[in-house]
Amino acid sequence: MLLNSAIVAFFITFGKLITGTLAGYAFANFQFKGKNISFMILFITLFLPAETVMILPLFLIMKQFGWINTYYALIIPFTASATNAFLMRQHFLTIPKELSDAAKIDGATSMQYFWKILLPLSKSMLGGAALINFVYAWNLYLWPLIVTMDDKMKTVQIGVKMLIDAEASNNWGTIMAGTMIALVPTLIIFFAIQNLFVKSLVSSGLKG
């Protein structure tokens with residue numbers, strides 16, 4: 001279950017960062033037809049309660065695809081994030097446009113500017129987004145409970161709940177031990193990202 005949660009959390013985080021960063025870059029740096037309407041629709045989705053609005057349609061789609069009890073069902077529906085797209089757009093808008101103009105003068109393409117200039121300047125933002133997304137994906141409970149019937153595909157949060165259900169006398173020592181084990185990976189990620197925050201702050205201070 002720990003391995004399942006690690007795989008799910010890693011790929012959800014990776015997918016959210018890729019889709020959110022690219023969408024944010026497009027909204028911040030390109031002009032295209034329907035841009036404002038598209039962003040407005042994206043922003044409105046932030047107010048939708050995912051647990052009540054999306055669960056049933058997503059489950060029916062996963063069933064039609066034959067993805068029940070697979071990593072596809074656990075990962076793919078969550079690899080896009082309106083929150084990440086919104087945050088990255090706002091961040092990219094704070095980066096001076098002169099950098100983009102200078103990159104174009106030097107002959108850099110849009111993607112070269114994105115990879116070589118924007119992303120290195122966005123380490124702290126990406127680190128914060130990665131931490132939030134990882135913790136969110138690691139703590140998913142309702143969706144894995146619905147789409148995984150096989151114990152081999154269940155995640156660690158379901159495992160903690162199974163400890164409570166299995167112990168008729170409620171052995172809180174066992175339950176707390178399981179909870180602490182489930183908590184350790186998020187603490188490791190937190191301290192790793194914390195180091196990234198410090199390095200980013202130090203490097204920006206030196207450049208200033």
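The values are calculated or read from the model by the stated rules, or taken from the named source; none is laboratory data. Fair warning: this is a prediction, and the values are worked out from it, not measured in the lab. Neighbour counts are summed over all protein chains in view; Cβ atoms, including those assigned to glycine, are modelled from backbone coordinates with ideal geometry.
When you scan segment 108-126, do you find a residue that is free of Cβ contacts under 8 Å to residues at least 12 places away in the same chain, surrounded by fewer than 18 Cβ atoms within 10 Å (Cβ to Cβ), small (G, A, S) and over 30 Å from A23 (Cα atoms), even just one? No.
Scanning segment 89-138 for residues that are touching a Phe, Trp or Tyr at 6+ places or on another chain (Cβ under 7 Å) and closer than 15 Å to A28 by Cα yields R89, F92, S100, F114, L118.
Can you find, within segment 90-107, the residue that is farthest from L17 (Cα to Cα) among those that are surrounded by 16 or more Cβ atoms within 10 Å (Cβ to Cβ) and over 21 Å from the mean Cα position of the chain (by Cα)?
First, pick out the residues of segment 90-107 that are surrounded by 16 or more Cβ atoms within 10 Å (Cβ to Cβ): 91-92, 100, 103.
Still in the list and also over 21 Å from the mean Cα position of the chain (by Cα): 100, 103.
Details: S100: 22, A103: 24 Å.
So the residue we want is A103.
Determine whether V160 is more than 20 Å from A23 (Cα to Cα), buried (at least 16 other Cβ atoms within 10 Å of the Cβ) and at pLDDT 90 or above. Spell out how you get there, then give the answer.
Numbers: more than 20 Å from A23 (Cα to Cα): yes; buried (at least 16 other Cβ atoms within 10 Å of the Cβ): yes; at pLDDT 90 or above: no.
So V160 does not fit the description; no.
Taking each residue of segment 32-54 that is at pLDDT below 90 and looking for partners that are among the β-branched types (V, I, T) with beta-carbon atoms closer than 9 Å, six or more apart or interchain, yields L46/T83.
Looking only at segment 51-103, how many residues end up being in a helix (DSSP H, G or I) and either of a type outside the set (V, I, T) or farther than 15 Å from W143 by Cβ (or both)? Residues flagged as in a helix (DSSP H, G or I) and either of a type outside the set (V, I, T) or farther than 15 Å from W143 by Cβ (or both) within segment 51-103 amount to 35. Could you say whether any residue in segment 118-138 is assigned to a helix (DSSP H, G or I), of a type in the set (D, E, K, R) and modelled with pLDDT under 90? Yes, that holds for at least one residue.
Within segment 178-195, residues that are under 16 Å from L163 (Cβ atoms) reach partners that are modelled with pLDDT of 90 or more and part of a helix (DSSP H, G or I) with beta carbons closer than 6 Å, at six or more positions or on different chains, in the pairs A182/V156.
The test for being surrounded by fewer than 20 Cβ atoms within 10 Å (Cβ to Cβ) and over 22 Å from the mean Cα position of the chain (by Cα) does not hold for T83. For segment 115-145, the set of residues classified as out of contact with any Leu (no Cβ under 7 Å at 6 or more places or on another chain) and over 23 Å from F10 (Cβ atoms) consists of K116, L118, L121, listed by residue number.
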